[in-house]
Amino acid sequence: QVQLVESGGGLVQPGGSLRLSCATSGIAFHRYTMVWHRQAPGREREWVAIISRGNTTDYKGSVKGRFTISRDNSKNTVYLQMNSLKPEDTAVYYCNARSADEYWGQGTQVTVSS
């Protein structure tokens, strides 16, 4: 059974930091490109950060320089370090594993508010 379980979300003040984790099981994690997406209320889901099997990364323009995606293949886990958070970063954040097949986590809520 494939599982992707996000954690680390919560309420943070503007300018604060959070570290999201996505622990996977049931897949050959090292073979998957991992992507973080987010969906704010009333908006479409959008990709935020991506890390390839070879650790090449890319970011949505609005988070470049503030967010860092990383992976630990020994722990089958992908991370998203989010710094200098802004209210517009408020969303449910999802991790996504992509290869010949594709899997999604259930999401974790991030709320940036004073």
task = Hey, could you check the range 80-108 for residues that are at pLDDT 95 or above and among the aliphatic types (A, V, I, L, M) and say which is most open to solvent (accessible area, probe 1.4 Å)?
result = Val92
query = Counting only residues that are open to solvent by 50 Å² or more (accessible area, probe 1.4 Å) and part of a strand (DSSP E or B), how many does the range 60-79 have?
reply = 1
ask   = Just one of Ser17, Ser52 is over 13 Å from the mean Cα position of the chain (by Cα), polar (S, T, N, Q) and within 21 Å of Ser113 (Cβ to Cβ); which is it?
value = Ser17
inquiry  = For the range 3-36, give me the residue count where each residue is over 15 Å from Asp101 (Cα atoms), among the aromatic types (Phe, Trp, Tyr) and not in a strand (DSSP E or B).
reply    = 0
note = From the option list Thr57, Thr111, single residue qualifying as at pLDDT 95 or above, more than 20 Å from Gly8 (Cα to Cα) and either charged (D, E, K, R) or more than 10 Å from the chain's Cα centre (by Cα) (or both) is Thr57
message = Where the second residue is modelled with pLDDT of 95 or more and among the charged types (D, E, K, R) and the first is more than 16 Å from Glu6 (Cα to Cα) and lies in the range 67-89, which pairs have Cβ atoms under 8 Å and are six or more apart or on separate chains?
response = Asn83/Arg66; Ser84/Arg66; Leu85/Arg66; Asp89/Arg38
inquiry  = Which residue is most open to solvent (accessible area, probe 1.4 Å), if the candidates are limited to the range 8-27 and must be more than 11 Å from Leu80 (Cα to Cα), touching a residue at least 40 places away in the same chain (Cβ under 8 Å) and of a type outside the set (S, T, N, Q)?
reply    = Leu11
ask   = Can you tell me which of Val5, Val48 is within 20 Å of Thr111 (Cβ to Cβ), in contact (Cβ under 8 Å) with a residue 40 or more places away in the chain and touching a Gly at 6+ places or on another chain (Cβ under 8 Å)?
value = Val5
task = Could you tell me which numbered condition Val110 fails, if it satisfies all but one of (1) in a strand (DSSP E or B); (2) free of Cβ contacts under 8 Å to residues at least 60 places away in the same chain; (3) in contact with a Gly (Cβ under 7 Å, 6 or more places away or on another chain)?
result = (2)
message = Of everything in the range 37-59, what is part of a loop (DSSP other than H, G, I, E, B) and open to solvent by 60 Å² or more (accessible area, probe 1.4 Å)? Give them in sequence order.
response = Pro41, Gly42, Arg43, Glu44, Arg45, Arg53, Gly54, Asn55, Thr56
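The values are calculated or read from the model by the stated rules, or taken from the named source; none is laboratory data. What you see is a predicted model, and the numbers here were worked out from it, not measured in a lab. Methodologically, a virtual Cβ is constructed for each residue, glycine included, from the backbone with ideal geometry; neighbour enumeration extends over all protein chains shown. The protein model used for the area step is the full one, side chains on, heavy atoms only, and it has no ligands, DNA or RNA in it. Shrake-Rupley method; radii C 1.70, N 1.55, O 1.52, S 1.80 Å.
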